[in-house]
Amino acid sequence: MKILVTAFEPYDQWSENSSWEALSEMLKVYGLPEGLTTRRYPVDLERLKERLYKDLELGFDAVLHLGQSPGSSSIHLETIAVNIAGVTYNGGQLYGPLVDGAPTAYQSSLPLNQLRDQLHDERIPASITYHAGTYLCNAVFYLTQHWHAARHRKCQVGFTHFPLITDQVVDNRRDMPSLTKLELAKAIAIMVSVLRGQSVSPNAPLLA
Ligand code: PCA
């Protein structure tokens, strides 16, 4: 099974992005599982599209995008991607569509209840949420869904927002919720295991 897992580079005032920190940590702790491709994407719509579309041509059975959501206190399993280019500013039309004439929204095709339950079983806070914003995280989620829909290609596509990691909060002296890098790395390993149809049990090694 071919799975693409992506994270984002740092943006705005953050010198790190929890999604990328977690993904790198996951690779360090668990290694690169067979069939998994990982990427770090730019927080820039045009450059993102270029990288994303090139990657999608490789053909994946599942795509899990990750991003950072400062202020979130749990992992957010996003339900819906909307066709709106908010602060991504697509071709000068702020809050216009990401893709002209394309559907208003796509729904996640990941097993969100199962993902949440497995994360909870492993004592990691996670919630199913209903708005991925109108920035790059929503854009990557929407564009991936639309790319597959337009080509009638089957692929499980989803997006997960991560809270800040504890190091970011401490280093920036911020009073904000966080999870540790290791917790988020474990969360990725759990989600990938679920997508691969592997059972996750407390005593079984993840991604073995
Ligand atoms: N978070 C932003 C963009 C990149 C990221 O990690 C978002 O929520 O859209």
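The values are calculated or read from the model by the stated rules, or taken from the named source; none is laboratory data. These figures come from a predicted structure and were not determined experimentally. As a convention, Cβ positions derive from the backbone with ideal geometry for all residues, glycine included, and neighbour counts pool all protein chains shown. Side chains included, ligands, DNA and RNA excluded: accessible areas come from the protein's heavy atoms. Shrake-Rupley method; radii C 1.70, N 1.55, O 1.52, S 1.80 Å.
Key figures
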| quantity | calculated |
| --- | --- |
| Amide H partners (placed H, <5 Å) of Tyr41, local residues excluded | Ala7, Phe8, Glu9 |
| Prolate/oblate/rounded label for region 1-89 (Cα gyration tensor, a/c 1.5) | oblate |
| Solvent-accessible area, 1.4 Å probe, carbon plus sulfur percent, for the chain | 48 percent |
| C-alpha center-to-center spacing [region 33-86, region 162-181] in angstrom | 21 Å |
| Surface/4 estimate of mean projected area, convex hull on alpha-carbon atoms of region 61-158, nm² | 6.5 nm² |
| Paramagnetic reach from Arg174 in region 40-67 [backbone N under 16 Å; point 7 Å along Cα→Cβ] | 67 |
| Candidate lysines for bridging to Lys49, where Cα separation is under 26 Å - those fewer than 8 sequence places away on the same chain excluded | Lys2, Lys154 |
| Relative packing of peptides 149-155, 63-69, 7-13 - highest average C-beta neighbours within 10 Å first | 63-69, 7-13, 149-155 |
| Rule-of-thumb Rg ratio for region 143-205 [Cα; 2.2 N^0.38 Å; N residues] | 1.55 |
| Estimated vicinal HN-Hα couplings, Hz - region 160-172 in sequence order (Karplus 6.51, -1.76, 1.60; Gly, Pro = x) | 10, 8, 9, x, 5, 8, 4, 4, 5, 5, 5, 4, 9 |
| Those chymotrypsin sites (Phe, Trp or Tyr not before Pro) in region 111-208 that DSSP places in a loop and that have at most 11 other beta carbons within 10 Å | Tyr130 |
| Structure-based [θ]222 nm, the chain - -39500 (n - 2.57) summed over DSSP H runs of at least 4, per residue, nearest 500 | -10500 deg cm²/dmol |
| Distant-in-sequence amide H partners of Leu36 (H built 1.01 Å from N, under 5 Å) | Ile3 |
| For region 147-159, 3J(HN,Hα) per residue [Karplus equation, 6.51 cos²θ - 1.76 cosθ + 1.60, θ = phi - 60°, Hz, x = Gly/Pro] | 4, 6, 4, 5, 9, 6, 9, 8, 6, 7, 10, x, 9 |
| Kirkwood Rh, Cα atoms: Rg over Rh of the chain | 0.94 |
| Residues with amide H under 5 Å from that of Ser127, placed H, sequence gap 5 or more | Ile75, His76, Leu77 |
